[in-house]
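Note sheet for the following structure.
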Amino acid sequence: MATPFYVAPEQLMKDRAEYARKGIARGRALVAVEYGDGVIFAGENPSRSLHKTSEIYDRIGFAAVGRYNEFESLRVAGIRLADVKGYQYAREDVSAKPLANAYSQALGTIFMGESKPYEVELLIAQVDGTDGSGPGLELYHILYDGSIVDEHRFVAIGGETEPLIEALESVWEPGLTRDAAVRAAVGTLAQAAGRDLTADGLEVSGLHAGRTRRRFFRLDDDALGEVLAG
């Protein structure tokens with residue numbers, strides 16, 4: 001009888017983590033920036049139909065980097081989970097934290113038990129109505145292994161994130177307007193890429209606390225071009 005091939009658990013987890021990180025790093029980075037009334041998601045994406053960011057529910061947004069088919073399946077599962085809870089209870093009972101925890105558990109289970117880990121990183125954001133004290137932003141960063149981090153001010157995921165974080169640190173300030181946050185996000189992406197970025201190669205969306213019920217918005221090429229030229 002052949003002796004089973006043995007790999008130490010520590011080495012197995014290290015190999016899985018390296019595999020996932022390399023897969024994610026091959027893609028383009030995405031940044032989220034808090035502003036006075038919500039949060040902006042911005043990333044390079046020449047596709048007009050294969051989005052990296054989307055609405056999950058009334059006040060909850062989703063952003064991801066990595067393998068499209070993997071994070072798209074997670075996005076759809078999140079929408080279904082939110083819809084079921086909103087139907088069983090009330091729309092106001094659907095919030096970002098339980099959804100982020102569900103994503104964390106799912107990615108952790110896949111990382112530990114499946115043949116390969118998912119090559120994705122996720123951001124889940126929520127804003128509440130403005131009451132003079134800010135947008136009530138919650139921003140959760142979920143990694144490929146199920147680790148979850150409660151982020152503040154700004155965050156970068158995918159690719160080389162350290163230069164983006166350093167650049168955002170130098171330009172971010174409390175109470176930014178939406179347009180200023182967009183320009184800050186796109187400016188840091190352009191600086192990291194070493195070239196100018198135009199509206200047709202970008203995907204910019206976000207959550208605005210002042211909107212009625214559905215807080216998610218997306219900037220088309222014309223609107224984004226006007227913001228960047230401002």
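Summary table below
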quantity	calculated
Residues whose placed amide H lies under 5 Å from that of LEU176, excluding near-sequence neighbours	GLY36
Dipole of the chain, positive end: most advanced residue of ALA184, ILE110, ILE24 [Cβ charges, Cα centre]	ILE110
Segment ARG153-LEU50, length gained on full extension (0.36 nm per residue, minus Cα span)	34.4 nm
Segment 1-60: trypsin sites (Lys or Arg not before Pro) falling in loop per DSSP and having at most 10 other Cβ within 10 Å	ARG48
Sequence-separation-based contact order of segment 114-186, relative, with Cα cut under 8 Å and 6+ spacing, percent	20 percent
From phi via Karplus (6.51, -1.76, 1.60), per-residue ³J(HN,Hα) for segment 24-30 in Hz, x at Gly/Pro	5, 5, 5, x, 8, 6, 9
Proximal lysines to LYS116, defined as alpha-carbon separation beneath 29 angstrom and excluding residues fewer than eight positions away on the same chain	LYS14, LYS22, LYS52, LYS97
Among PRO163, ALA100, HIS141 - extreme Cα towards positive end, dipole of the chain, charges at beta-carbon	ALA100
Å³ per residue enclosed by the Cα convex hull of segment 1-92	199 Å³
Charged-residue dipole, Cβ positions (Lys, Arg, Asp, Glu), the chain about Cα centre, Debye nearest 20	600 debye
Expected 222 nm ellipticity per residue - DSSP helices of 4 or more, -39500 (n - 2.57), all of the chain, to 500	-13000 deg cm²/dmol
Cβ-based net charge around ARG214, under 11 Å, with every Lys or Arg adding one and every Asp or Glu removing one	+3
Ranked list, fewest to most other Cβ atoms within 10 Å of each Cβ, for LEU81, LEU50, LEU168	LEU50, LEU81, LEU168
Ranked ILE148, ILE165, ILE60, criterion: other C-beta atoms within 10 Å, fewest first	ILE165, ILE148, ILE60
Using a Förster distance of 25 Å, the FRET efficiency for THR177-TYR68 (Cβ separation, nearest 0.05)	0.20
Relative contact order [Cα under 8 Å, 6+ residues apart], the chain, whole percent	29 percent
Burial ranking of peptide ranges 82-89, 205-212, 31-38 (average Cβ count within 10 Å, highest at the top)	31-38, 205-212, 82-89
Karplus-derived HN-Hα couplings along segment 42-59 (A = 6.51, B = -1.76, C = 1.60, θ = phi - 60°), whole Hz, x at Gly and Pro	9, x, 6, 6, x, 6, 8, 10, 8, 8, 8, 10, 6, 8, 9, 8, 3, 10
Charge context of TYR118, other residues only, Cβ under 10 angstrom, K/R +1, D/E -1	-3
Charge context of VAL186, other residues only, Cβ under 14 angstrom, K/R +1, D/E -1	-3
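Every number in this text was worked out from the coordinates using simple rules, so none of it is lab data. Just so we're clear, the structure is a prediction, and the values are computed from it rather than from any experiment. No Cβ is skipped: glycine too gets one built from the backbone with ideal geometry, and neighbour counts run over all protein chains shown.
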